[in-house]
Amino acid sequence: MSRSTPELSGEVAEALEAFLRHLALERGRSPHTVRAYRGDLTRLLAGLPRPDLTALDLPLLRRWLADAHAAGTGRSTLARRAAAARTFTAWARRTGRLPTDPGARLESPRPQTALPEVLRADQAADLLDAAGAGAAENDPVALRDLLLLELLYATGIRVAELCGLDVDDVDADRRTLRVVGKGDRERTVVFGAPAERALARWLQLGRPGLARPGSPPALLLGVRGGRLDPRVARSVVHRAVTAVPGAPDIGPHGLRHAAATHLLDGGADLRYVQELLGHATLSTTQLYTHVTVDRLKVVHDQAHPRA
């Protein structure tokens, strides 16, 4: 995971690498998060006025964010960078590398909560119908792509979680998947009959056509027999969406939003959706309530005694 950081001095570079190991090994952060923190903190620490971690103070942190804002950095990215800085300085204080925690007083802009574009239920049905028609000839890649789309929409799991599934993670009889999400948290998600049919066709007719003697036990395989790359999965979703007239240009995360939104529209409990999506807090799941306001109004009018 470590990479050389020529912009940083030995002491500062050592502190950064120790912090990144702490994130990965002790806090269980994903490789994606560790990479993002590495980039953010390398930019921050490269701006120290002297090669000494104690030069990191609150004015420097504020200038760092102000310069990024002036350069046009978005609020979500600024919030992430501020969070990275605060986490790092708190760790540096605990480990004796800083005498005080300058990041404790660092404020950052609240990230924008722009509502995601979401497929309507009829558009999702058209998407999957088109994928099903494309798999009618039982081409292995087409069968794989159909299962990919069915599972993303049926379960709302992340694309990395889907590509990380092994065949043994599937319980076809119970129609469940064992999913390992962020922070190595494991959860069980369910899927319906259409995904079950796509799964059976893939395992019987599709996967054997792509598997090689050295193939991993991955549920989804690439054309060379290796585990399917999430980037390939994203391109599959983008291509499939273009076949649906009027549909927004979404990727796998858009299907995750659609799954959650359509569940809530159908009356599912918010805490069930939280568990399905693998959100650590309910506040994250509540984003989806913003796209189901019409349904919430109907429920309120029907249920509240003073509606």
**Report entry** Residues located in the range 1-33, provided they are open to solvent by less than 10 Å² (accessible area, probe 1.4 Å), at pLDDT below 90 and within 21 Å of A79 (Cβ to Cβ)
**Finding:** L23
Report task. With the condition kept exactly as written, say whether any residue in the range 278-295 is within 26 Å of the chain's Cα centre (by Cα), within 18 Å of C163 (Cα to Cα) and at pLDDT below 90. Result -> yes
Report task. Please identify the pairs in which a residue from the range 127-142 that is touching a residue at least 24 places away in the same chain (Cβ under 8 Å) and under 17 Å from H238 (Cα atoms) has its Cβ atom under 9 Å from the Cβ atom of a residue that is of a type in the set (S, T, Y) and part of a helix (DSSP H, G or I), counting only partners at least 6 apart or on another chain. Result -> L127/Y153; L128/Y153
Query - Tally, over the range 204-259, of residues that are polar (S, T, N, Q), assigned to a loop (DSSP other than H, G, I, E, B) and over 16 Å from V118 (Cα atoms) - result: 1
Report task. Output the residues belonging to the range 148-185 that are among the acidic types (D, E), more than 15 Å from the chain's Cα centre (by Cα) and farther than 28 Å from V223 by Cβ. Result -> D173
**Report entry** Matching residues, the range 36-45, being over 14 Å from T77 (Cβ atoms) and basic (K, R)
**Finding:** R38
Report summary line: Counting only residues that are of a type in the set (A, V, I, L, M, F, W, C) and not in a helix (DSSP H, G or I), the range 21-68 contains a total of 2
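To keep it simple, each residue is scored yes or no on (1) in contact with a Pro (Cβ under 9 Å, 6 or more places away or on another chain); (2) of a type outside the set (D, E, K, R); (3) under 30 Å from V180 (Cβ atoms).
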| residue | (1), (2), (3) |
| --- | --- |
| A18 | no, yes, yes |
| A24 | yes, yes, yes |
| A46 | no, yes, no |
| D57 | yes, no, no |
| W64 | no, yes, no |
| D67 | no, no, no |
| L78 | yes, yes, no |
| T89 | yes, yes, no |
| P102 | yes, yes, no |
**Report entry** Test result for G183, under 21 Å from E275 (Cβ atoms), part of a helix (DSSP H, G or I) and not acidic (D, E)
**Finding:** yes
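The values are calculated or read from the model by the stated rules, or taken from the named source; none is laboratory data. All of these numbers come straight from a predicted model, not from anything done at the bench. Backbone-built Cβ (ideal geometry, glycine too); neighbour counts: all protein chains shown. Only protein heavy atoms, including side chains, enter the accessible area calculation; ligands, DNA and RNA are left aside. Shrake-Rupley method; radii C 1.70, N 1.55, O 1.52, S 1.80 Å.
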